[in-house]
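The block underneath contains the structure these notes are about, expressed in C-alpha cells.
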Amino acid sequence: MDGMTATTARKVLLAAPRGYCAGVDRAVIAVEKALEQYGAPVYVRKEIVHNKYVVQTLEKKGAIFVDETAEVPENAIVIFSAHGVAPVVHEEAARRNLATIDATCPLVTKVHKEAVRFAGDDYDILLIGHEGHEEVIGTSGEAPEHITLVDGPEDVKNVQVRDESKVVWLSQTTLSVDETMETVDALKERFPKLISPPSDDICYATQNRQTAVKQMGAAADLVIVVGSKNSSNSVRLVEVALGAGARDAHLVDFAAEIDEAWLEGVSTVGVTSGASVPEILVQGVLEWLAERGFGDVEIVTAAEESITFSLPKELRRDLRAEAASLSDGSKG
Ligand code: 2E4
Ligand code: SF4
C-alpha cells in the first residue's frame, strides 16, 4: 500500500425499478394532452401526482391546480388526479357543468370497485391506509357507511364492526407491504373470519420499488430517495430502506436538498425514487454524487416492468363541444 491510506471505494447502488409507474405516466400525459387539445387553462383538482416538480412544470404549461371543483369556473375542463375521487366529487362537477377528465389510476379504480362490491354485499370494510390521504378519502367515499379506516397496526384495537363474520380488508395502493401485513395479522387476531381482497391492493409499482430498495438497503451507508414529502409511496421507500438496514436514509425533492454532511464516512449510497418522480430529478442526484467522487453506479434490479395504461377515455372525445352544447341547453 506504499504507506498511503487506502480510501474505501465510493459507489452508488441505483434501484430498478424506480420513478414513474404506469398510472403516473398516464395521469401526467393526460394533463399535457388536455392542454394541447383544448388549450390553457385546464384545471386540475389536487396535485395530479404528489410531486413538486411535476406540478410546477404543468403549471408553467397552463394547468391550474385547485383544491376543490367549486374553484373551477362553470363549463371549464377539470382533471381529477391519479389518486381518485369520491362519487360526490363527480356529482358536484356534473352539477357545475364541468367537463371532467378522470386521471384516476386504473389500479385505484380497482380498489374502488372492490369497495362498492363488498358494500353491496353488506360487508364491513376495513380500509388500511393513512388518514387524510386523498386516495383513502376517495375510496372511503364509495361506501362511507361500510368503510372504517385502519391507520396501521396500532389502530387495530380501536376498530368496531357490526358482524364479525362479515368483514373484509382492503388497502391504499401505496403502503408498506410489511407494515400492512402486520396490520392484517393484528386484524385477523381480532376478527378470525376476516377475508382478504380478491387481489393485491398494494400495486405492482409500490411493491417493486420496495423490493428494490430492500435489496440495496443493507449494503448502503446512505439511501437517497427522490420524491416529495406528501408522496406516500416515496416516504415508504425511506422507511423500507431503514428497515432493510441502511444506516441513514433521506427524502429529497431535488439534488440541491442533499446535505453534504450526510456523506461523512459514507462509501456506498443507494439511490431510488418514488412512483411520481421524473427521471430527470434522479439524474440530477447522480450528477451531484458524481461531482463528489460517487461516479461509479451499479444498478440493483428487482423486477422488470412493462405495464402501460391507455389514456382516460374522455381524451378521445371533444369535451369543449360537449360542454358548450350542455350550456346552450341544446340537450334539453
Ligand atoms: C395514485 C395512486 O399515493 P402517493 O402519495 O404515493 O401518490 P404519488 O402521487 O406520490 O404517486 C403516484 C400515485 C398516484 C400513487 N398511487
Ligand atoms: Fe397506479 Fe400504483 Fe402508480 Fe399508484 S403507484 S398510480 S396505484 S400504478
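No lab work stands behind these numbers, since they all come straight from the coordinates. Every value quoted in this text rests on a predicted model; they were computed, and no experiment measured them. Cβ: placed from backbone, ideal geometry, glycine included. Neighbour counts: every protein chain shown.
Relative to the dominant Cα principal axis of the chain, helix 204-217 is inclined by about 10°.
Assuming a ≥ b ≥ c are the square roots of the Cα gyration tensor eigenvalues, decide whether region 117-203 counts as rounded (a/c under 1.5), prolate (otherwise, with a/b larger than b/c) or oblate.
Rounded is the answer for region 117-203, as its axis ratio a/c remains below 1.5.
Axis angle, to the nearest 10 degrees, between helix 106-120 and the longest C-alpha principal axis of the chain: 50 degrees.
How far, in nm, would the chain grow between ARG292 and VAL266 when pulled straight, counting 0.36 nm per residue and subtracting the alpha carbon separation? Write out the running numbers ahead of the final one.
Values: separation 26, 0.36 × 26 = 9.36 nm, distance 1.14 nm.
Net length gain for the segment: 8.2 nm.
Note on GLU154 and HIS130: the model spin-label points, each 7 Å out from Cα along the C-beta direction, lie 1.5 nm apart.
Of ARG317, ARG236, ARG209, the residue with the greatest mean-square motion in the GNM of the chain, using alpha carbon springs below 10 Å, is ARG317.
Starting from the Kirkwood Rh over alpha-carbon pairs, what translational D in µm² s⁻¹ does the chain have by Stokes-Einstein at 20 °C and 1.002 mPa s? Before the final figure, lay out each step's value.
Working: Rh = 21.5 Å.
Estimated via Stokes-Einstein, D reaches 100 µm²/s.
For HIS250 and LYS113, compute 0.36 nm times the residue count separating them, minus their Cα-Cα distance, and round to one decimal in nm.
Details: separation 137, 0.36 × 137 = 49.32 nm, distance 3.53 nm.
Length gained, HIS250 through LYS113: 45.8 nm.
Sort ILE128, ILE299 so that the residue with the fewest other Cβ atoms within 10 Å of its own Cβ comes first and the one with the most comes last.
Details: ILE128 25, ILE299 12.
Lowest to highest Cβ neighbour count: ILE299, ILE128.
Nearest 10 degrees, 0 to 90: what angle lies between the long axis of helix 232-243 and the longest principal axis of the chain (Cα atoms)? Value to nearest ten degrees: 30.
For the residue pairs LYS61/LYS110; LYS229/LYS313; LYS157/LYS193; LYS113/LYS193, alpha carbon separations beyond 24 Å are given by LYS61/LYS110; LYS229/LYS313. Highest GNM mean-square fluctuation, the chain, Cα pairs closer than 10 Å: which of ARG18, ARG162, ARG320? Top of the fluctuation ranking is ARG162.
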